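First up is the structure itself, then whatever we jot down about it.
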Ligand SMILES: *Cc1c(COP(=O)(O)O)cnc(C)c1O
């Protein structure tokens, strides 16, 4: 009873120097809730009354947003549940610089309205010389639905049966296409399609021929498909959904299509995501001929799919700027990763933790390079660490294999190695 009476009143805790400025930074409600939670703990005898302010301060989030940074040690380079590609520092700087008022749609020399997103468009066509023009929308699905609406609503999209892809979380490309009012004209079989199948399906109702990259599965065995170079011989526009957003071929991902080669091979329009292998923000890229891109840009739906200045800024900095974290992760060698894993494991063993270093196999994930195994290295820990690390103050997402928790380093920036050590050591004390 006595201790309870010593619990400081809310206003007194809020006035504590430890919480100085917190409400300005995070908002009153967030701080008040942290104080109430700490008072509650003290009431239940879990906290000495004089530590209420310190406990409230410790419980405050870093930002006014509930989402938190998570270290991706899952071995899946582009993890959809972790927001796919991490932005580069250059892209983060660009977002910061434009987050206030910016000249996103103003020509500063004339003082008049300027073309929205011009810099981003220029960056894309500089990076992909085979593209005459470019347009950016919200995501890959939006790019595809704008193309289908503007070029094929009320008409037919000719598409191979083996390319009727479900991307994930129940999202199916055929459903998206028909939702725009276009009809699907499926050709070939699950495993095989020939140019003649497309030829037979073309008619006055054809809007375009669509080629979809099977970005999350592989069909092997008795298969045949038709290349963009062959499709271009047909009397219809060719749209290629390449998915992952590689602008140029990547040596480690030889089967992954890229925008430059796909357009050079004769596609009239390429659609792709910004936050997969391109390593940028969530966005949908449309690259292609002046004629088609102009039609898309002028379609009323384009306004509904328009991206904000933050996306435009991050995307331009991604395309023009230095290698992205995703590109850097792909460039890491197994030897360098194993070396890091050994050092981290040794530091953890010094703290009495049962840690080891091991080779590992990472994947691209996030709808790119299915079946590609990326040789990597991991720290292995007792399985109980998986939950403890996931719920740590700086959460770390690993994976459990054969009763060990693996922290795969492929997608972890070397600058986070210290955080991995500290977080694992702290998790050991809590479990
Ligand atoms: C990922 C993907 C999409 C969807 O892109 P989002 O950016 O997730 O909307 C469409 N097509 C293919 C081939 C993809 O890989």
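The values are calculated or read from the model by the stated rules, or taken from the named source; none is laboratory data. Source: prediction; values computed, not measured. Note: ideal-geometry Cβ built from the backbone for every residue, glycine included; neighbour counts use all protein chains shown.
Does residue 233 fit the bill of being surrounded by fewer than 15 Cβ atoms within 10 Å (Cβ to Cβ), closer than 26 Å to residue 187 by Cα and at pLDDT 95 or above?
Yes.
Could you check, for segment 327-346, whether at least one of its residues is over 25 Å from residue 411 (Cα atoms), surrounded by 15 or more Cβ atoms within 10 Å (Cβ to Cβ) and touching a residue at least 24 places away in the same chain (Cβ under 8 Å)? Steps first, answer last, please.
Residues of segment 327-346 that are over 25 Å from residue 411 (Cα atoms), as a first pass: none.
No.
Each row is one residue, and each column tells you yes or no for (1) within 16 Å of the ligand (Cβ to nearest atom); (2) over 24 Å from residue 143 (Cα atoms); (3) in contact with a strand residue (DSSP E or B) (Cβ under 7 Å, 6 or more places away or on another chain); (4) modelled with pLDDT of 95 or more.
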| residue | (1), (2), (3), (4) |
| --- | --- |
| 301 | yes, no, no, yes |
| 315 | yes, no, yes, yes |
| 338 | no, yes, yes, yes |
| 352 | no, yes, no, yes |
| 357 | no, yes, yes, yes |
| 368 | yes, no, yes, no |
| 374 | no, yes, yes, yes |
| 381 | no, yes, yes, yes |
| 384 | no, yes, no, yes |
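Only one residue in 108, 26, 19 is over 26 Å from the mean Cα position of the chain (by Cα) and surrounded by fewer than 17 Cβ atoms within 10 Å (Cβ to Cβ), so which one is that? Step through it out loud before you land on a result.
On the way: 26 fails: surrounded by fewer than 17 Cβ atoms within 10 Å (Cβ to Cβ); 19 fails: surrounded by fewer than 17 Cβ atoms within 10 Å (Cβ to Cβ).
Unique residue meeting the criteria: 108.
From the set of residues in segment 168-188 that are in a strand (DSSP E or B) and in contact with a strand residue (DSSP E or B) (Cβ under 7 Å, 6 or more places away or on another chain), which is nearest to the ligand (Cβ to nearest atom)? Break it down stepwise before answering.
If we filter segment 168-188 for residues that are in a strand (DSSP E or B), which is where we start, we get 168, 171-172, 183-187.
Those still in the list that are in contact with a strand residue (DSSP E or B) (Cβ under 7 Å, 6 or more places away or on another chain) too: 172, 183-187.
On the way: 172: 10, 183: 19, 184: 15, 185: 19, 186: 17, 187: 18 Å.
The selected residue is 172.
With respect to residue 73, determine if the residue is under 27 Å from residue 300 (Cα atoms), modelled with pLDDT of 95 or more and in contact with a strand residue (DSSP E or B) (Cβ under 6 Å, 6 or more places away or on another chain).
Numbers: under 27 Å from residue 300 (Cα atoms): no; modelled with pLDDT of 95 or more: yes; in contact with a strand residue (DSSP E or B) (Cβ under 6 Å, 6 or more places away or on another chain): yes.
Against the criterion (under 27 Å from residue 300 (Cα atoms), modelled with pLDDT of 95 or more and in contact with a strand residue (DSSP E or B) (Cβ under 6 Å, 6 or more places away or on another chain)), residue 73 does not qualify.
Out of segment 201-235, which residues are assigned to a loop (DSSP other than H, G, I, E, B), in contact (Cβ under 8 Å) with a residue 12 or more places away in the chain, more than 14 Å from the ligand (Cβ to nearest atom) and under 26 Å from residue 154 (Cα atoms)?
Matches in segment 201-235: 202, 203, 205, 226, 232, 233, 234, 235.
May I ask you to list the residues in segment 244-280 that are within 10 Å of the ligand (Cβ to nearest atom), out of contact with any strand residue (DSSP E or B) (no Cβ under 6 Å at 6 or more places or on another chain) and not in a loop (DSSP other than H, G, I, E, B)?
273
Among the residues of segment 375-431, write down those that are surrounded by fewer than 21 Cβ atoms within 10 Å (Cβ to Cβ) and part of a loop (DSSP other than H, G, I, E, B).
383, 384, 391, 392, 393, 394, 395, 402, 403, 413, 431
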